[in-house]
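The structure under discussion appears below in the form of structure tokens.
Nothing in this text is a laboratory measurement; each read-out follows from the coordinates by a stated rule. The model shown is predicted, which means the values in this text are computed figures rather than measured ones.
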Amino acid sequence: MGPTFTKGEIATNTDPSGRWSLVVPLKPLAYAKSRLREALGEGLRPRLALAFAEDTVAAALSCPDVRDVVVVTDDTVAAASLASLGARVAPDVPAAGLNAALAYGADLVRAGRPSAPVAALNADLPALRPSELSRILEFSSGFPRTFLSDAAGIGTTFLSAASGVELRPAFGGPSRGRHLASGAREVPTAGLDSVRRDVDTGDDLRVALALGVGPRTAELRDAVRLRTREVTFDRTVDAVRCVRFQAGGTSS
């Protein structure tokens with residue numbers, strides 16, 4: 001299906017249910033959340049990436065304003081797990097990056113439901129609260145396109161397009177500015193911490209854990225804490241060895 005073209009981007013949702021279809025992109029787990037490797041090690045990283053996506057999708061599907069969730073991924077393990085939660089899963093046919101995957105997912109939704117309101121949602125929101133997502137979708141129903149900035153105020157965790165409006169995703173890096181410049185309305189951020197808290201680093205994960213994460217991420221909490229202590233201990237030992245070496249002492 002080709003792209004959806006609109007004139008004037010007028011929010012006219014004619015879908016009988018008015019409920020939203022969400023598109024969630026997910027990299028293959030072998031490459032996902034690479035910045036967590038330094039903080040938590042290679043063994044834990046792909047497990048966390050999958051847990052984040054599972055908790056994100058489960059929370060989204062439990063939101064009453066959400067009709068369905070389409071996950072675009074080429075990872076077979078993640079696909080099977082997320083499908084078991086109730087998501088529709090599609091391979092990343094464009095294979096041209098994040099924004100191409102999101103546009104493709106939106107096209108898939110509208111191939112079967114042309115008047116569907118569609119929103120893109122990050123896959124790394126383990127603390128996602130359905131009630132907060134519902135508030136965002138309610139706000140977004142009044143505008144052609146909206147977006148929500150991430151916790152840092154630099155990136156984007158959510159982008160919506162009303163019925164008949166092209167999604168036009170511009171995720172990646174400082175995407176808040178790009179979405180703002182594209183004419184999308186920014187969702188007021190107060191009280192939406194769980195939807196803004198994407199997880200890229202160890203510090204991000206600690207904040208998410210403090211907010212309260214979903215059950216699949218929570219199952220890995222002890223492993224995260226143990227690994228964090230190990231990394232901290234190793235770095236402390238390395239620092240002591242460095243000081244001793246510089247002082248002319250033994251490094252053992």
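So here's what we get for this one:
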quantity	calculated
Under the Debye formula (equal points on every Cα, no solvent term), log10 I(q)/I(0) of region 143-203 at q = 0.13, 0.22, 0.26 Å⁻¹	-0.32, -0.84, -1.09
Shape box of region 110-155 [Cα atoms, principal axes, largest first, Å]	34, 21, 21
All-pairs Cα distance distribution in region 18-112, expressed in whole percent, bin size 10 Å	17, 47, 30, 6, 0
Whether region 58-205 is rounded, prolate or oblate, judged on the alpha carbon gyration tensor where a/c under 1.5 counts as rounded	rounded
